[in-house]
Amino acid sequence: MLTISDVCDRLHLSRSTVLRKLHAGDLAGAEKRHDCGALCSAPNTCKHGTWQIPETAVSALAPSETGR
């Protein structure tokens, strides 16, 4: 699982772009968890917790290596 910062670094995207994709549902399987480990019940409005984004969702957003 990756954080928003990890995704920004890997895909060379801004934090706001990654957040926009999260809220649009483009990062399938992403979840927001609090420090205690509990799943956040209101991830789009809660200011606490950390987004955890699966590698597969990030791979799906990555540009093709062939450039097509």
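The values are calculated or read from the model by the stated rules, or taken from the named source; none is laboratory data. What you see is a predicted model, and the numbers here were worked out from it, not measured in a lab. All Cβ positions, glycine included, derive from the backbone under ideal geometry; neighbour counts span all protein chains shown. What goes into the accessible areas is simple: the full protein's heavy atoms, side chains included, and nothing from ligands, DNA or RNA. Shrake-Rupley method; radii C 1.70, N 1.55, O 1.52, S 1.80 Å.
Values computed for the structure shown
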read-out: Net charge dipole size for the chain [Lys, Arg +1 and Asp, Glu -1 on Cβ; Debye, nearest 20]; value: 240
read-out: Accessible area (Å², 1.4 Å probe, nearest 10) - SER59; value: 80
read-out: Entry for P(r) over Cα pairs in 10 Å bins from 0, in percent (calculated from the structure that is shown) out of [x] 17, 29, 15, 26, 12, 1; [y] 20, 54, 25, 2; [z] 21, 54, 21, 4, 0; value: [z]
read-out: Spin-label proximity, ALA24 to segment 43-59 - amide N less than 15 Å from point 7 Å beyond Cα toward beta carbon; value: 58
